[in-house]
Amino acid sequence: MKSLRRPYSEQRPTDIGGGVWSVPVPIPGNPLGYTLIYAIESPAGPVLVDAGWNHPDAWLALRDGLAATGMDIREVRGVVVTHFHADHAGLAGQVRQESGAWIAMHEADAELVGTMREAEEDAQRTERAGMLRRAGAGAAEIEAVTTAYRPEPPAAPDRTLRDGDMIDIPGRRLRTVWTPGHTPGHVCLHLEDADRLFTGDHVLPGITPHIGVYPYDRTDMDPLGDFLASLEKVAELGPLEALPAHEWIFQDTAERARAIGAHHEEKLTSLVALLAEAGEPLTIWEIASRMTWKRSWDDLPSMLRGMAAAEAAAHLRALEVRGRVRRTAEGDPKEDMVRFTVHS
Ligand SMILES: [Zn+2]
């Protein structure tokens with residue numbers, strides 16, 4: 001698809017018809033530029049889909065953006081958060097404070113938010129350092145990743161959502177479509193009375209969302225497998241108009257969802273080839289450094305290397321579930337590093 005990406009400075013609050021407005025809210029210092037917040041009109045006050053990054057400039061953009069559409073942030077009835085990430089859920093707490101709105105989120109992300117809000121910073125850092133070491137990261141990389149800035153956890157929701165739940169918005173039919181993958185509790189929202197789908201980060205027109213597994217070596221989940229199933233799930237809803245949280249609005253969610261699925265299948269195929277070619281078990285770090293990324297591995301800052309490793313780990317885990325690769329216990333038994341090889 002031709003890139004229609006425009007910088008934040010060219011974005012404006014827009015009436016996209018059918019009682020729905022899009023309000024761009026900046027993500028300071030992030031190349032993605034902005035989150036598109038959607039406001040759905042209702043006689044009981046607007047309901048927002050996502051809220052934006054927790055930053056004073058983002059708050060002003062949201063408040064003034066809503067005002068430009070004739071809505072008052074103090075009258076917001078509720079905020080449905082597509083997933084817990086800071087560029088989506090960050091401002092939900094402040095919107096609630098200002099308006100008394102409820103915040104709704106899928107129960108799986110709500111549980112993660114609860115854990116994040118309780119976790120001790122030191123314990124989290126130690127856990128992350130262990131994860132990086134077992135994956136084969138170097139000392140400098142471990143230091144850089146574990147000391148990097150992390151945004152505050154978002155506000156805890158008042159309501160939790162499950163697949164199929166209707167959102168409380170008078171006069172409209174807005175249904176929760178659980179789409180785990182990018183996060184365990186990511187949801188899309190199907191505006192059934194208008195054949196539109198709020199896709200969050202699940203289906204974006206020009207980029208694909210980060211799919212990682214944390215810690216890298218856990219075996220009790222398969223986020224990429226979940227993501228691929230979630231892509232098929234939204235594709236089966238038909239050629240709905242997509243209202244994504246970044247980039248631009250586009251037609252036909254189904255077509256794009258299937259293209260993203262195909263992209264990951266290609267990546268899985270080349271990963272098996274990479275492991276077969278290596279001829280010996282490799283650490284997650286070694287594998288990530290040999291995979292193809294938007295920038296060369298040498299140019300990736302440590303934080304992005306950490307994300308690339310998580311992405312590699314998610315692909316390895318999906319291949320393991322399919323019986324194509326296995327993890328090995330070879331090497332020094334005292335060393336708890338994880339290595340992967342092709343399944344013979
Ligand atoms: Zn996200």
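Close contacts from segment 284-305, counting a first residue that is exposed (fewer than 15 other Cβ atoms within 10 Å of the Cβ) and a second that is among the hydroxyl-bearing types (S, T, Y), with Cβ to Cβ under 9 Å and a gap of 6+ residues or different chains, come to T292/S270; D298/S289. Residues that are closer than 21 Å to R128 by Cα and touching a helix residue (DSSP H, G or I) at 6+ places or on another chain (Cβ under 7 Å) within segment 292-314 comprise W297, L300, S302, M303, R305, G306, A308, A309, A312, A313, A314, listed in sequence order. Every condition in (1) touching a strand residue (DSSP E or B) at 6+ places or on another chain (Cβ under 8 Å); (2) surrounded by 15 or more Cβ atoms within 10 Å (Cβ to Cβ) holds for Q251 except the one numbered (2). Of everything in segment 138-175 that is touching a strand residue (DSSP E or B) at 6+ places or on another chain (Cβ under 9 Å) and small (G, A, S), the residue that is surrounded by the most Cβ atoms within 10 Å (Cβ to Cβ) is A155.
When every residue of segment 118-130 is checked against the conditions, at least one turns out to be part of a loop (DSSP other than H, G, I, E, B), free of Cβ contacts under 8 Å to residues at least 24 places away in the same chain and among the aliphatic types (A, V, I, L, M). When segment 61-91 is limited to residues that are assigned to a helix (DSSP H, G or I) and within 14 Å of the ligand (Cβ to nearest atom), the one that is nearest to T199 (Cα to Cα) turns out to be H88. Scanning segment 11-53 for residues that are buried (at least 22 other Cβ atoms within 10 Å of the Cβ), part of a loop (DSSP other than H, G, I, E, B) and among the hydroxyl-bearing types (S, T, Y) yields nothing.
Residues that are farther than 30 Å from G17 by Cβ and over 22 Å from the mean Cα position of the chain (by Cα) are absent from segment 238-255.
Would you pick out the residues in segment 176-198 that are free of Cβ contacts under 8 Å to residues at least 60 places away in the same chain and either crowded, with 20+ Cβ neighbours inside 10 Å or closer than 14 Å to A314 by Cβ (or both)? Those that are free of Cβ contacts under 8 Å to residues at least 60 places away in the same chain and either crowded, with 20+ Cβ neighbours inside 10 Å or closer than 14 Å to A314 by Cβ (or both): T179, G181, H190, L197. Any residue at all in segment 313-328 that's in a loop (DSSP other than H, G, I, E, B) and modelled with pLDDT under 95? No: zero hits.
Evaluation of P170 against the conditions (1) in a loop (DSSP other than H, G, I, E, B); (2) within 16 Å of the ligand (Cβ to nearest atom) shows that the sole unmet condition is (2).
The values are calculated or read from the model by the stated rules, or taken from the named source; none is laboratory data. Quantities reported herein were computed from a predicted structural model and do not represent experimental measurements. Backbone-built Cβ (ideal geometry, glycine too); neighbour counts: all protein chains shown.
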